[in-house]
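Below is one structure, written out as structure tokens, with a few remarks after it.
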Amino acid sequence: MIKVLGICGSPRKGNSQYLLEKALEAAQQVAPGEVATELYSIRGKKFAPCIGCSRCGEKQGECIFQDDFQELREKWLEADAIIYSVPVYHMGIPAQLKAFIDRLGNSLFGRYAGLFEGEATLPKSMKVVGAIAQGCHLFSGQEHTITDLINHALVMGCVPVTGDMWEAYIGAAAWTYNEGGRNVLESKENAGSLDMRVALRGAATIGRRAAELAMIIKAGGQALSERLKQDPIYRPFLDRLQG
């Protein structure tokens, strides 16, 4: 079973979740019965910012702050593919999601330090990561925000995935026509907007390609498991394959 986790990085329910739902629907359709999807929203959740205290390195990856971070961290670790869908805040990702990502990296340094004899090394998670971003204007930071999420994927030892051209060069993007409503994208779709058709096709191909690539990576990991066991950097990946 391939697990695809969709993370809605918006502090309110609306446009970002709408795009994410489309992506997860497409992911599930890749192989019904073989792909399980879950949508997690940061709306109403609490994520304290990382303060760089390094205590997680002393506590086998456990953060000194106990909030919603721990739940999402475990879901992130269990997933074979992650699809982020976020609104653009100040040309980047919302603070709540950024806090989670900051703490995730430091937490995993501590959790897996024993694999590398105390060295500060992150394992190769080998998760597929796709990104969707929507802004208020046509050019309001969508690509910059998607690039931030791609960089996050690379740092975490994951594999970024794009949708299909021409709709999704590095990710899927949409805009809300400078309207502040929570259901702008759905209303634009119902009105037959070309921009929304493009955004929805992009989101759908992100979901489809994420699920497909996760299946390919999982099959490759199983075929090469004996070779991969020789390098501890792949241990968490192999443990996930057996889970």
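The values are calculated or read from the model by the stated rules, or taken from the named source; none is laboratory data. This is a predicted model, so every value here is computed, not measured. Please note: Cβ atoms are built from the backbone with ideal geometry, for glycine as well, and neighbour counts cover all protein chains shown. SASA here: full protein model, heavy atoms, side chains in, ligands and nucleic acids out. Shrake-Rupley method; radii C 1.70, N 1.55, O 1.52, S 1.80 Å.
One residue is enough: does the stretch 66-80 have a residue meeting the conditions within 18 Å of the chain's Cα centre (by Cα) and more than 25 Å from Lys124 (Cα to Cα)? Write out each step before concluding.
If we filter the stretch 66-80 for residues that are within 18 Å of the chain's Cα centre (by Cα), which is where we start, we get 68-80.
Filter again for more than 25 Å from Lys124 (Cα to Cα), leaving none.
No - not one qualifying residue is present in the stretch 66-80.
Does the stretch 45-77 hold any residues that are at pLDDT below 95, in a helix (DSSP H, G or I) and either aromatic (Phe, Trp, Tyr) or open to solvent by 60 Å² or more (accessible area, probe 1.4 Å) (or both), and which are they?
Scanning the stretch 45-77 gives Arg55, Glu58.
Can Glu71 be described as touching a Cys at 6+ places or on another chain (Cβ under 7 Å), acidic (Asp, Glu) and on the phi < 0 side of the Ramachandran plot? So that I can check it myself, show each step before the final result.
Details: touching a Cys at 6+ places or on another chain (Cβ under 7 Å): no; acidic (Asp, Glu): yes; on the phi < 0 side of the Ramachandran plot: yes.
Taking the combined requirement at face value, the residue does not satisfy it.
So which of Ala210, Ala173 ends up being assigned to a helix (DSSP H, G or I) and either touching a residue at least 24 places away in the same chain (Cβ under 8 Å) or surrounded by 14 or more Cβ atoms within 10 Å (Cβ to Cβ) (or both)?
Details: Ala173 fails: assigned to a helix (DSSP H, G or I).
So the residue among Ala210, Ala173 that is assigned to a helix (DSSP H, G or I) and either touching a residue at least 24 places away in the same chain (Cβ under 8 Å) or surrounded by 14 or more Cβ atoms within 10 Å (Cβ to Cβ) (or both) is Ala210.
Please pick out the residue among Ile7, Ile83, Ile42, Ile2 that is touching a residue at least 12 places away in the same chain (Cβ under 8 Å), open to solvent by less than 20 Å² (accessible area, probe 1.4 Å) and over 24 Å from Thr147 (Cα atoms). Let's see the steps before the verdict.
On the way: Ile7 fails: over 24 Å from Thr147 (Cα atoms); Ile83 fails: over 24 Å from Thr147 (Cα atoms); Ile42 fails: over 24 Å from Thr147 (Cα atoms).
Sole residue among the options that is touching a residue at least 12 places away in the same chain (Cβ under 8 Å), open to solvent by less than 20 Å² (accessible area, probe 1.4 Å) and over 24 Å from Thr147 (Cα atoms): Ile2.
Restricting attention to the stretch 176-194, which residues are open to solvent by 50 Å² or more (accessible area, probe 1.4 Å), outside any loop (DSSP other than H, G, I, E, B) and touching a residue at least 24 places away in the same chain (Cβ under 8 Å)? Break it down stepwise before answering.
First, pick out the residues of the stretch 176-194 that are open to solvent by 50 Å² or more (accessible area, probe 1.4 Å): 177-180, 182-183, 186-187, 189-191, 194.
Those still in the list that are outside any loop (DSSP other than H, G, I, E, B) too: 186-187, 189-190, 194.
Glu186, the sole residue that qualifies.
Run down Gly105, Gly135 and say which single residue is of a type in the set (Gly, Ala, Ser) and either closer than 24 Å to Ala214 by Cβ or surrounded by fewer than 21 Cβ atoms within 10 Å (Cβ to Cβ) (or both).
Details: Gly135 fails: either closer than 24 Å to Ala214 by Cβ or surrounded by fewer than 21 Cβ atoms within 10 Å (Cβ to Cβ) (or both).
Of Gly105, Gly135, the one residue that is of a type in the set (Gly, Ala, Ser) and either closer than 24 Å to Ala214 by Cβ or surrounded by fewer than 21 Cβ atoms within 10 Å (Cβ to Cβ) (or both) is Gly105.
Report whether or not Asp148 is more than 22 Å from Ala23 (Cβ to Cβ) and of a type in the set (Asp, Glu).
Judged against the criteria, Asp148 is not a match.
Going through Ala31, Ala26 one at a time, which residue ends up being over 15 Å from the mean Cα position of the chain (by Cα), crowded, with 19+ Cβ neighbours inside 10 Å and either at negative phi or among the hydrophobic types (A, V, I, L, M, F, W, C) (or both)? Working first, answer last.
Details: Ala31 fails: crowded, with 19+ Cβ neighbours inside 10 Å.
None of the others qualify; the one that does is Ala26.
When both residues are 6+ apart or on different chains and their Cβ atoms are under 6 Å apart, which pairs have a first residue that lies in the stretch 221-241 and is touching a residue at least 60 places away in the same chain (Cβ under 8 Å) and of a type in the set (Ser, Thr, Tyr), and a second that is open to solvent by 30 Å² or more (accessible area, probe 1.4 Å) and not in a helix (DSSP H, G or I)?
Once the first residue is touching a residue at least 60 places away in the same chain (Cβ under 8 Å) and of a type in the set (Ser, Thr, Tyr) and sits in the stretch 221-241, its partners that are open to solvent by 30 Å² or more (accessible area, probe 1.4 Å) and not in a helix (DSSP H, G or I) give Tyr234/Lys124.
Which condition does Gly163 not pass, out of (1) open to solvent by less than 20 Å² (accessible area, probe 1.4 Å); (2) free of Cβ contacts under 8 Å to residues at least 60 places away in the same chain; (3) out of contact with any strand residue (DSSP E or B) (no Cβ under 6 Å at 6 or more places or on another chain); (4) of a type outside the set (Phe, Trp, Tyr), if it passes all the others?
(3)
When you look at Lys13, is it modelled with pLDDT of 95 or more and either of a type in the set (Lys, Arg) or in contact with an Asp or Glu (Cβ under 6 Å, 6 or more places away or on another chain) (or both), yes or no?
Values: modelled with pLDDT of 95 or more: no; either of a type in the set (Lys, Arg) or in contact with an Asp or Glu (Cβ under 6 Å, 6 or more places away or on another chain) (or both): yes.
So Lys13 fails the test.
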